[in-house]
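Here's the structure, in structure tokens; my notes come after.
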Amino acid sequence: MDEQEHGPLAGFTVGVTAARRADELIALLRRRGAAVVHGPALRIVPLADDAELLAATKELVAHAPDVVVATTAIGFRGWVEAAEGWGHGEELLGVLRGVELLARGPKVKGAVRAAGLTESWSPTSESMAEVLDRLLAEGVTGRRIALQLHGEPLPGFVEALTAAGAEVVGVPVYRWMPPEDVGPLDRLLDATLARGLDALTFTSAPAAASVFSRAEQRGVRDELLAALRHDVLAVCVGPVTALPLQAEGIDTHQPERFRLGPLVQLLCAELPARARVLPVAGHRVEIRGHAVLVDGGLRPVPPAGMALLGLLARRPGWVVSRADLLRALPGAGRDEHAVETAMARLRSALGAPKLIQTVVKRGYRLALDPTSDHKYDG
């Protein structure tokens, strides 16, 4: 089986923190072979405290924007109704009549027309990506764009407009809140702390902040920071999303285009590049997060086996004692027999028993090819 068949992310595990549009990101990752752990870091609820929405409405009435982007029917209706309740309804509608009003899809278009307005344009695809492409094609330098927020209208939407020279004014009709069920988020955190993830993805700054907040509540914030600084790749959709991580001294990776597709392509380049590749017993061995490619064939390996293989690969060609290997085994206790059991399973999983040699009374070693100079590492 070659990489074309099993996908560039086969053998890697990727964490997803997104709430909205998570299904799309997960599908893109799985299509490329990744295992996915999903723990939504947020939920989106209607604004209970209207102070922010009132302030944004007053600001737009006083200083009309060039463009208004309506993203959801319920959000747009809620905004107009709230403005009417405050006595600013006619003023807001007057502003909306005089600007370029973009409506994302038929439902939003219906809400716009029900308010007595006419949209300037609406995409046939209901896609915020199409709205973004249109705005960028028109040119946004120096333009004020009001965006009716609904969580993540499109990961990277605000970043792309800001990078192109626009001033983006958010109209907060919804608020980010912690998830009602923190179980999936806790499992995602546990996987990160255990180095069971190769990468953790973020599509909004509030999601990153929520992950840190939950880690703090559980008393594992320092451990989380250590994992993201040293072992688990932090991948963000854009620079605004990356800010909470960078403030904690975490190196982040982000695509040049602030979209989900390029984010996944970035993972397809970064994760295989970080895999360890060794010539062993006449085979090409590539060690990935939870699997090994032996001559291009994908071999899933249990966690205990990956722990042993990781230690052997750190000093390829050198003998590693049973005692050292036992320490590397998760929860193995003191019985060196556990090493023999895990080693037998590892050899079976690899499908090529001669990759790992038993050195009598000393331990085990990777049978590094004699032509390789890897044995002199470390």
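Tell me, what is the percent relative contact order of the range 1-87, built from C-alpha pairs under 8 Å that lie six or more residues apart? Mind dumping the intermediate values first?
On the way: 64 pairs, mean separation 21.0, N = 87.
24 percent.
Can you quote the Å³ per residue value for the convex hull of the Cα atoms in the range 258-378, rounded to an integer?
Numbers: hull volume 15.1 nm³, N = 121.
With only Cα atoms used, the range 258-378 gives 125 Å³ per residue.
Can you bin the range 1-111 into rounded, prolate or oblate? Criterion: square roots of the alpha carbon gyration tensor eigenvalues sorted a ≥ b ≥ c, rounded for a/c under 1.5, prolate for a/b above b/c, oblate for the rest.
Working: a/c = 3.81, a/b = 2.61, b/c = 1.46.
Prolate is the answer for the range 1-111, as a/c is 1.5 or above and a/b outweighs b/c.
Principal axis lengths of the range 83-158 from Cα atoms, whole Å, largest first?
Per principal axis, max minus min of the Cα coordinates gives 34, 29, 23 Å.
Any idea of the accessible area per residue across the chain, 1.4 Å probe, to the nearest Å²? Intermediate results must be reported in sequence, preceding the final value.
Values: 17090 Å² over 378 residues.
Result: 45 Å² of accessible area for each residue.
Peptides 88-96, 135-143: what's the order by average Cβ count within 10 Å, highest mean first? Walk me through the numbers on the way to the answer.
Values: 88-96: 17.4, 135-143: 13.6.
So the peptides 88-96, 135-143, ranked by packing, come out 88-96, 135-143.
Would you compute, for the Cα atoms of the chain, the largest minus smallest coordinate along each principal axis and list the three values in descending order, in whole Å?
The principal-axis extents, from largest down, are 87, 40, 30 Å.
Dipole of the range 225-356, Cα-centred, from +1 at each Lys and Arg C-beta and -1 at each Asp and Glu C-beta, to the nearest 20 debye? Walk me through the numbers before you get to the answer.
Details: 16 positive and 11 negative charges, 63 e Å.
For the range 225-356, the charge dipole is close to 300 debye.
Show that you can apply the helix-only estimate: for the chain, add -39,500 (n - 2.57) for every DSSP H stretch of four or more residues, divide by all residues, and state [θ] at 222 nm to the nearest 500. Display every interim value, and only then the final one.
Values: 16 runs with 165 residues, N = 378.
Rounded to the nearest 500, the figure is -13000 deg cm²/dmol.
Assign one of three labels to the range 36-192, namely rounded, prolate or oblate, based on the Cα gyration tensor with a ≥ b ≥ c the square roots of its eigenvalues; rounded applies when a/c is under 1.5, prolate when it is not and a/b is larger than b/c, and oblate otherwise. All intermediate terms of the calculation are to be shown ahead of the outcome.
Working: a/c = 1.92, a/b = 1.43, b/c = 1.34.
In terms of gyration-tensor shape, prolate.
How big, on average over all directions, is the shadow cast by the Cα convex hull of the range 129-210, in nm²?
On the way: hull surface 27.1 nm².
The Cα convex hull of the range 129-210, projected and averaged over all directions, gives 6.8 nm².
Which percent of the accessible area of the chain is formed by carbon and sulfur heavy atoms (probe 1.4 angstrom)?
On the way: 8680 of 17090 Å².
Taking all protein chains in place, the chain shows 51 percent carbon and sulfur surface.
Normalising by the residue count of the chain, find the relative contact order in percent from Cα pairs under 8 Å and 6+ residues apart.
Details: 689 pairs, mean separation 60.2, N = 378.
Relative contact order for the chain comes out at 16 percent.
In debye to the nearest 20, how big a dipole does the chain give about its Cα centre with +1 on each Lys and Arg Cβ and -1 on each Asp and Glu Cβ?
Values: 42 positive and 45 negative charges, 330 e Å.
I would put it at about 1580 debye.
Find which of Leu96, Gly282, Gly139 sits farthest along the positive direction of the dipole of the chain, computed with +1 on the beta-carbon of Lys and Arg, -1 on that of Asp and Glu, about the Cα centre.
The one lying farthest along the dipole's positive direction is Gly282.
Is the shape of the range 217-284 rounded, prolate or oblate, going by the alpha carbon gyration tensor and its root eigenvalues a ≥ b ≥ c, with a/c under 1.5 for rounded and a/b larger than b/c for prolate? Walk me through the numbers on the way to the answer.
Details: a/c = 3.32, a/b = 1.37, b/c = 2.43.
Taking the square roots of the gyration eigenvalues as a ≥ b ≥ c, the range 217-284 is oblate.
The values are calculated or read from the model by the stated rules, or taken from the named source; none is laboratory data. Owing to the predicted nature of the structure, the values given are computational and were not obtained by experimental measurement. Here the Cβ is made from the backbone with ideal geometry for all residues, glycine too, and neighbour counts use every protein chain on show. We work out accessible area using only protein heavy atoms, side chains counted, and drop any ligands, DNA or RNA first. Shrake-Rupley method; radii C 1.70, N 1.55, O 1.52, S 1.80 Å.
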